1. If you scan region B:71-94, which residues turn out to be of a type in the set (Ser, Thr, Tyr) and buried (at least 19 other Cβ atoms within 10 Å of the Cβ)?
2. Identify all residues within region B:1-52 that are among the polar types (S, T, N, Q), touching a residue at least 40 places away in the same chain (Cβ under 8 Å) and assigned to a loop (DSSP other than H, G, I, E, B); write none if there are none.
3. Output the residue which, of all residues in region A:74-113 that are within 12 Å of chain B (Cβ to nearest Cβ) and among the charged types (D, E, K, R), is farthest from B:Ser70 (Cα to Cα).
4. What residue, among those in region A:1-59 that are on the phi > 0 side of the Ramachandran plot and in contact with a helix residue (DSSP H, G or I) (Cβ under 8 Å, 6 or more places away or on another chain), is nearest to the other protein chains (Cβ to nearest Cβ)?
5. Every residue in region B:47-70 that is surrounded by 17 or more Cβ atoms within 10 Å (Cβ to Cβ), out of contact with any Gly (no Cβ under 9 Å at 6 or more places or on another chain), at the interface with chain A (Cβ under 7 Å from one of its Cβ atoms) and of a type outside the set (A, V, I, L, M, F, W, C), please.
6. B:Glu80: outside any loop (DSSP other than H, G, I, E, B), within 12 Å of another protein chain (Cβ to nearest Cβ) and of a type outside the set (A, V, I, L, M, F, W, C), yes or no?
7. Only one residue in B:Val105, B:Val93 is assigned to a loop (DSSP other than H, G, I, E, B) and either within 25 Å of A:Pro35 (Cβ to Cβ) or of a type in the set (A, V, I, L, M) (or both), so which one is that?
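What follows draws every value from the coordinates through simple rules; no lab data is involved. The structure presented is a predicted model; accordingly, all values stated were derived computationally and were not measured. Note that we place each Cβ from the backbone using ideal geometry, even for glycine, and neighbour counts take in every protein chain shown.
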Amino acid sequence: MADTSDIGRVGKPVVMKIEAGKIREFAKSIKDPNPLYRDEAVAKAEIGGIMPPPTFLMTLAHWDDGDGQPRVPLDTRRILHGEQEFEYFKPIYVGDTLTAVTKVANIFEKTGGRGGTMKFVVMDTDFTNQKGEKVAVAHFTVIETGQAVASS
Amino acid sequence: MTRTKRYFEDVKEGDELPPFTVDNLTRGDFVKYAGASGDFTPLHYDQTFVEAAGIPTVFAMGMLNAGILSRLVADYAGLENLRKYKVRFATRVWPGDSVTCKGKVTKKSVANGEHLIEGEVQALNQKGEVAIQGSFRAALPSRG
């Protein structure tokens, strides 16, 4: 049985500013040439301003000094990112300041193939903007495999 | 306008999202994504580390592939219309691999005054193996 005692643990709130330069860098790194991520005038006319790409909230990592993710002991040589889900409730724009709160939503085990028993940890992060509106939720599922992540 | 505005009435269940391919992902691409995202998990850039873990080479972050695939969804449904984007990681993507993104609309519905479309998307490597199985939901404007 997986140790589920960490379920419900909450990290410290992390404040994250939505910046144009970071959005531009992120869009480049995912090879998306869309001018909506680069050209303020185009973005303003079409969608009200520069919005981040759908997976940009992952950059929360840059703002977290280490206390934002509630600790669950995992072996970094054996971890895989299993699933990621984002739900979007309100638009996010450059200039917004988001506060992210992450909690351990679930921990469970499954018997895998070559990897033996796999431990799943699900973290939910709520993102709230400077007006107090909940703008998005991210669900992050990490898997710790029974042995080193073998080549495929 | 840089893009065509897509209305709910323009979409049919079964419609395909226009596919595209990103060729030849490199270690440099993984490093750029590490810098852009803040994901410095050594599995994606540190050859010494991965060999010690029994893996032949570094491989792409799942979220890099998910980011590449997100363009398919954002271009089709409109970034501002997206309500959900979900990805499940399957095969890893190695240096030199290509990623082809494709998908289709699976469902249309109206709920709480929103005109919703749902769809399935995939990122495939050059052998046709699924790297990512994904899904999305978006609320499109309606001509009423």
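1. B:Tyr76, B:Tyr85
2. Those that are among the polar types (S, T, N, Q), touching a residue at least 40 places away in the same chain (Cβ under 8 Å) and assigned to a loop (DSSP other than H, G, I, E, B): B:Asn24, B:Thr26.
3. A:Asp75
4. Here the residue is A:Lys31.
5. B:Gly67, the sole residue that qualifies.
6. When the stated conditions are applied, B:Glu80 passes them.
7. Just a single option satisfies the conditions, and that option is B:Val93.
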